[in-house]
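Colleague: Quick one: the structure is below, and I'll ask about it shortly.
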């Protein structure tokens with residue numbers, strides 16, 4: 001639902017609701033400003049009675065770890081967790097870090113700010129609930145977590161590090177840390193994982209060889225028909241044993257510029273020696289490729305507001321990434337480069353300027369008033 005609304009985080013919905021309530025309150029206040037005091041009092045009492053008497057109103061206390069966060073060092077095994085975070089921070093780079101998590105005691109806050117504490121891109125994070133590949137991402141996390149935290153009706157798959165390896169490569173994971181003895185034993189036995197750190201019960205592993213954050217097709221891609229549950233299909237592919245097939249496209253999100261080239265075998269071929277790279281910049285992705293004209297998959301979440309400076313059209317690719325057929329050796333993808341986002345940005349800027357001007361005018365009136373009061377009579 002959120003991607004269809006152009007949002008990147010579910011928390012934008014209550015923020016929009018709160019803003020709407022404030023705007024409604026201002027409008028009602030302005031409308032009643034000249035009303036008699038009796039009318040204002042009666043309406044206030046009626047609104048309070050309506051709100052307090054509604055069966056939909058309930059006061060639900062927040063979870064203790066949300067209202068009173070506990071320092072990591074004070075949690076059970078906190079020093080080992082801190083050492084794990086420091087280990088990940090000492091391995092900087094564009095590849096992502098994935099840490100076992102779930103609903104076991106204390107886990108909700110152990111790595112809540114891992115991306116900040118380690119300076120690494122991490123999976124999953126609080127801002128990935130609404131991305132197209134969220135279902136597949138949480139399914140992958142379930143494969144490496146004894147206490148799964150998949151926010152979907154079907155729940156998490158059974159933990160299995162061996163089945164997770166292909167998904168780790170797909171999502172560009174360079175470091176995996178687990179602590180459950182069974183998962184540690186599986187990771188120790190998996191040849192694609194090289195142990196590089198031990199901190200109490202925690203064990204960390206590097207994915208070898210390191211996965212690429214941009215790849216190409218080796219064959220024309222299958223297309224998931226429009227109306228099919230492609231999110232569920234992609235999640236099932238992440239948890240399936242064996243190597244995944246060519247990344248699929250989504251029929252309902254396939255632009256004409258791409259659907260018209262599905263029959264061109266050269267577009268969906270991987271030229272020998274082609275090793276493109278992606279650089280992340282604020283609000284931008286920069287693709288450098290020695291093989292323009294061939295379809296690329298950038299392992300970053302797709303969003304409809306991405307625009308390419310070359311005019312190439314991004315498209316949705318399994319499991320929720322950006323597909324692109326670059327027409328040049330360098331393509332810059334800018335996030336939010338659509339008229340709606342520009343209007344929202346300029347509107348926010350003008351609102352901020354208006355607030356500053358209004359505050360400055362009120363401050364001047366207050367200062368002049370104070371001077372007038374303190375001035376001795378003539």
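Colleague: Mind counting the residues in region 244-279 that are more than 22 Å from the chain's Cα centre (by Cα), outside any loop (DSSP other than H, G, I, E, B) and surrounded by 18 or more Cβ atoms within 10 Å (Cβ to Cβ)?
Modeller: Here the count works out to 2.
Colleague: Inspect all residues belonging to region 304-313 and state whether any of them is surrounded by 15 or more Cβ atoms within 10 Å (Cβ to Cβ) and assigned to a strand (DSSP E or B).
Modeller: Yes, because at least one residue in region 304-313 is surrounded by 15 or more Cβ atoms within 10 Å (Cβ to Cβ) and assigned to a strand (DSSP E or B).
Colleague: Only one of (1) buried (at least 17 other Cβ atoms within 10 Å of the Cβ); (2) farther than 15 Å from residue 85 by Cα; (3) modelled with pLDDT of 75 or more is not met by residue 128, so which one is it?
Modeller: Going through the list (1) buried (at least 17 other Cβ atoms within 10 Å of the Cβ); (2) farther than 15 Å from residue 85 by Cα; (3) modelled with pLDDT of 75 or more, residue 128 breaks only (3).
Colleague: Failed condition for residue 213, given (1) surrounded by fewer than 17 Cβ atoms within 10 Å (Cβ to Cβ); (2) touching a residue at least 60 places away in the same chain (Cβ under 8 Å), with all others met?
Modeller: Every condition holds for residue 213 apart from (1).
Colleague: If you don't mind, there's one more thing I want to ask. Of all the residues that make up region 135-158, how many are crowded, with 20+ Cβ neighbours inside 10 Å and either out of contact with any helix residue (DSSP H, G or I) (no Cβ under 6 Å at 6 or more places or on another chain) or within 19 Å of residue 88 (Cβ to Cβ) (or both)?
Modeller: 7
Colleague: With the structure loaded, tell me whether residue 144 is within 22 Å of residue 318 (Cα to Cα), in the same structural domain as residue 91 (by TED's automatic domain parsing) and touching a residue at least 40 places away in the same chain (Cβ under 8 Å) or whether it fails that test.
Modeller: yes
Colleague: Filter region 236-259 down to the residues that are more than 20 Å from residue 298 (Cβ to Cβ) and out of contact with any strand residue (DSSP E or B) (no Cβ under 7 Å at 6 or more places or on another chain) and list them by number.
Modeller: The answer is 236, 239, 240, 241, 242, 243, 252, 256.
The values are calculated or read from the model by the stated rules, or taken from the named source; none is laboratory data. It should be emphasised that the depicted structure is a prediction, and the values quoted were computed from it without experimental measurement. Cβ: placed from backbone, ideal geometry, glycine included. Neighbour counts: every protein chain shown.
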